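A quick write-up on the structure given underneath.
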Amino acid sequence: MAKIAGVQHDIKIGDVDGNLMRMEQWYKEARSNKAEIVVFPECAVTGYCFDSLEEARKYAEAIPGNTTNRMQGFCAEFGGYIAAGMLENAPCGGVYNALVLIGQEGIVGSYRKIHLPYLGVDRFSTFGDAEFDVNEVGDIKVGLNICYDSSFPESARVLSLLGAELIILSTNWPPSALCVAEYVVRTRALENRVYYIAVNRVGVENGNEFIGTSSICAPNGDVIALAGK
């Protein structure tokens, strides 16, 4: 078994360097408490509530690239693995809403969000084009989802059928998603018999509020750890 941690925090839109600096400190703290996998919210690196594709595109990067190299540096210095949301360059000047899983050896896996609500940067994002996949972190098989994916049971089901033992969901839940945060995450863990960590952000960004309520759930649906709003 591995110890995992979720970092529920505020994010400053467009402040990639500042966000990464703060993430490094929280990563270090989580590692000091022996967390082997440390999970950050959706778009933790960039922020989420961009007003246009042109604005969002300024902060999208290649994977691997400068941002993933910096996160790899966290892992090289402190050990462990990090999962964090960012924006990835897509063809024809588009952006993907992406989640990366990184260790000191580099990128273990990455995922591009498939289900895109009409909210924040997802209004302008390119739909993910890769099949679901499972990544190995030590002896643990890990699947990746982002936010609205959790509202579709097939997303977690495919990962569980591929052998996932832990599903990581990085998210930016607004108040309208409170039911998902409180009940759907537990249901996905229970119906698939997997550990499930859902990590949301807090704060207000461009007038949009985020509700926290991050959780770690056991395969029987029990909540192992719960953060407040």
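The figures follow:
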{"quantity": "Selected residue (criterion: surrounded by the fewest Cβ atoms within 10 Å (Cβ to Cβ)) from residues of segment 6-33 that are closer than 15 Å to CYS75 by Cβ and touching a Gly at 6+ places or on another chain (Cβ under 9 Å)", "calculated": "GLU24"}
{"quantity": "Some residue of segment 33-56 being closer than 15 Å to CYS147 by Cβ and charged (D, E, K, R)", "calculated": "yes"}
{"quantity": "Among residues of segment 110-130, those that are under 17 Å from the mean Cα position of the chain (by Cα) and among the charged types (D, E, K, R), counted", "calculated": "3"}
{"quantity": "Hey, ARG201 under 18 Å from GLN8 (Cα atoms), open to solvent by less than 30 Å² (accessible area, probe 1.4 Å) and of a type in the set (Lys, Arg) or not", "calculated": "yes"}
{"quantity": "Where a residue in segment 58-87 is free of Cβ contacts under 8 Å to residues at least 60 places away in the same chain and farther than 21 Å from GLY143 by Cβ and its partner, wherever it lies, is open to solvent by 10 Å² or more (accessible area, probe 1.4 Å) and assigned to a helix (DSSP H, G or I), with Cβ under 7 Å and at least six apart", "calculated": "TYR59/VAL16; THR67/VAL16; PHE74/GLU24; PHE78/LYS28; PHE78/ARG31; GLY79/ARG31"}
{"quantity": "Whichever residue in segment 208-229 is open to solvent by 50 Å² or more (accessible area, probe 1.4 Å) and at pLDDT 95 or above and, among such residues, is farthest from GLY120 (Cα to Cα)", "calculated": "ASN220"}
{"quantity": "From the options ALA35, ALA5, residue that is touching a residue at least 12 places away in the same chain (Cβ under 8 Å), hydrophobic (A, V, I, L, M, F, W, C) and part of a loop (DSSP other than H, G, I, E, B)", "calculated": "ALA35"}
{"quantity": "Counted residues, segment 34-55 - those being farther than 14 Å from ASN89 by Cβ, in contact with a Phe, Trp or Tyr (Cβ under 7 Å, 6 or more places away or on another chain) and surrounded by fewer than 21 Cβ atoms within 10 Å (Cβ to Cβ)", "calculated": "2"}
{"quantity": "Test: residue in segment 90-103 that is touching a residue at least 60 places away in the same chain (Cβ under 8 Å) and among the hydroxyl-bearing types (Ser, Thr, Tyr)", "calculated": "no"}
{"quantity": "Odd one out for ASN172 among (1) more than 15 Å from the chain's Cα centre (by Cα); (2) in a loop (DSSP other than H, G, I, E, B)", "calculated": "(1)"}
{"quantity": "Scope segment 192-217; condition more than 20 Å from VAL7 (Cβ to Cβ) and either assigned to a loop (DSSP other than H, G, I, E, B) or of a type in the set (A, V, I, L, M, F, W, C) (or both); matching residues", "calculated": "ARG193, VAL194, ASN206, GLY207"}
{"quantity": "Spans of strands (runs of 3 or more DSSP E) in segment 61-145 with at least 2 residues within 19 Å of MET23 (Cβ to Cβ) and open to solvent by less than 10 Å² (accessible area, probe 1.4 Å)", "calculated": "81-90, 94-103, 106-112"}
{"quantity": "Sole exception among (1) of a type in the set (A, V, I, L, M, F, W, C); (2) assigned to a helix (DSSP H, G or I); (3) within 26 Å of PRO219 (Cβ to Cβ); (4) open to solvent by less than 30 Å² (accessible area, probe 1.4 Å) for ILE167, by number", "calculated": "(2)"}
{"quantity": "So LYS58, is it farther than 17 Å from HIS9 by Cβ, modelled with pLDDT of 95 or more and either touching a Gly at 6+ places or on another chain (Cβ under 8 Å) or surrounded by fewer than 22 Cβ atoms within 10 Å (Cβ to Cβ) (or both)", "calculated": "yes"}
{"quantity": "Residue under evaluation ALA189, criteria (1) open to solvent by less than 10 Å² (accessible area, probe 1.4 Å); (2) outside any helix (DSSP H, G or I); (3) of a type in the set (A, V, I, L, M), criterion not met", "calculated": "(2)"}
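The values are calculated or read from the model by the stated rules, or taken from the named source; none is laboratory data. All of these numbers come straight from a predicted model, not from anything done at the bench. Every residue, glycine among them, receives a Cβ derived from its backbone with ideal geometry; neighbour counts consider all protein chains shown. Surface accessibility is based on the protein's heavy atoms, side chains included, excluding ligands, DNA and RNA. Shrake-Rupley method; radii C 1.70, N 1.55, O 1.52, S 1.80 Å.
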